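Worksheet for the structure shown next.
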Amino acid sequence: MVCYLCSHRKFRIRATKTRDRDDVRIVECEQCGLVSTDKTSHLADGHYEESQMHGENPPSMEEWLQSCEHDDQRRIESLYTLIRGRRVLDFGCGAAGFVDKAQTIAKSVVGVEVERRVHEHWNGRLELYPSLEPAGADFDVITSFHVFEHLTDPRAMLKLLAKHLKPTGRLVIEVPSADDALLTLYESEAFRKFTYWSQHLYLFNSATIRTLGEQAGLKVIAIEQIQRYPLSNHLYWLSKGFPGGHGAWGFLQNQQLAQSYADSLAAIGKCDTVCAHLEVA
């Protein structure tokens, strides 16, 4: 095995198995720090097209959209100025909640998603395609939220997406962070067992997502630290060893506390999410 980013051959083992497979390990490159599965062959053709990402009992489309509502709204608010009046493509749009919301802001918005039931659900109410080619080109903004960790060759996909951008366009790539505080600061064993997943082939941090962008020939404009889950969620993991603390311990929820905690984690690079803003060099 060689590292996808730097071709180094020595790795630290982060986990001997994932939450869903005993035959897939999570490793970290000793040279560049890229975290990845130790193989990619376990994902069969058609895996994502047939909703297998969700397991044996996938949520209904309504449940899926509801579970993404908070993130969809956060992304709309943070990217409002960037997408307003622009041509936007959301690559790997999932349930397409962001595409739906962006319609009222962008000049036009297109979603690309391989999962077949998404197309059946929207039934022509959104402009959705199963692949990039029919989606067109010359977009002002291309977004991709929590997709690149699933790709076997994310560098090649960045290069391909760049070809669909205008020369002055922007790529916005959001991925879960390998440096999540629950993993690398608090070292929660329960969270480690929960979060490492065989379908996340790569976990990036601020440094490795920057390297990925540069290797794709793109200009890195900014790398953002984003904290999706609040302090109540982290305290619940550390106390109870289970997810859902932001609901169960909602009395700890307030905007000022959430922002202060997120800022503190961002200052040390330990947020649960990183977001790269890239342009054509």
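Descriptive notes on the structure:
- Under the simplified labelling scheme, the Lys10-Arg74 pair shows an inter-label distance of 3.7 nm, with each label point 7 Å from Cα along Cα→Cβ.
- Amide H contacts of Phe139 (H built 1.01 Å from N, under 5 Å, at least 5 apart or other chain): Leu165, Lys166
- Put simply, the amide H of Gly111, placed in the peptide plane, has neighbours under 5 Å in Asp90, Glu127, Leu128, Tyr129, leaving out anything fewer than 5 places away on its chain.
- Inter-probe distance in nm under a simple model that places probes 7 Å from Cα toward Cβ, at Gln103 and Ala190: 4.1 nm
- Counting only lysines at least 8 places from Lys17 when in the same chain, those with an alpha carbon closer than 24 Å to its own are Lys39, Lys193, Lys240, Lys270.
- For the range 268-278, 3J(HN,Hα) per residue [Karplus equation, 6.51 cos²θ - 1.76 cosθ + 1.60, θ = phi - 60°, Hz, x = Gly/Pro]: 10, x, 10, 5, 7, 9, 10, 9, 9, 9, 10
- In straight-distance terms, cross-link reach from Lys107 covers every one of the lysines whose alpha-carbon lies under 23 Å from its own, apart from those fewer than eight places away in the same chain; here that gives Lys163, Lys166.
- Diffusion of the range 44-173 by Stokes-Einstein, at 20 °C in a medium of 1.002 mPa s and with Rh set to the Kirkwood radius over alpha-carbon pairs, works out to 143 µm²/s.
- Relative to the 2.2 N^0.38 Å rule of thumb, the range 176-236 has a C-alpha radius of gyration ratio of 1.30.
- Among the GluC sites (Glu not before Pro) in the range 6-109, those located in a DSSP loop and surrounded by at most 10 other Cβ atoms within 10 Å of their own Cβ are Glu56.
- Each residue of the range 9-16 was assigned a 3J(HN,Hα) from its phi angle through the Karplus expression (A = 6.51, B = -1.76, C = 1.60, θ = phi - 60°), giving 10, 10, 9, 9, 8, 8, 8, 7 Hz with x at Gly and Pro.
- Isolated cysteines in the chain, defined as those with no second cysteine Cβ under 4.7 Å, comprise Cys68, Cys93, Cys271, Cys275.
- Sequence-distant residues sharing a close amide H with Ile221 (under 5 Å, placed H): His277, Leu278, Glu279
- Relative contact order (%) - criterion: Cα under 8 Å, at least six apart; region: the chain: 18 percent
- Fluctuation leader among Gln199, Gln103, Gln259 - the chain, Gaussian network, Cα springs under 10 angstrom: Gln259
- For the chain, the mean projected area of the C-alpha convex hull, equal to one quarter of the hull surface, is 14.6 nm².
A short reminder: the numbers here are calculations on the coordinates, not readings from a lab. These numbers were taken from a predicted model, which means no experiment stands behind them. Here Cβ is always computed from backbone atoms with ideal geometry, including for glycine, and neighbour counts include all displayed protein chains.
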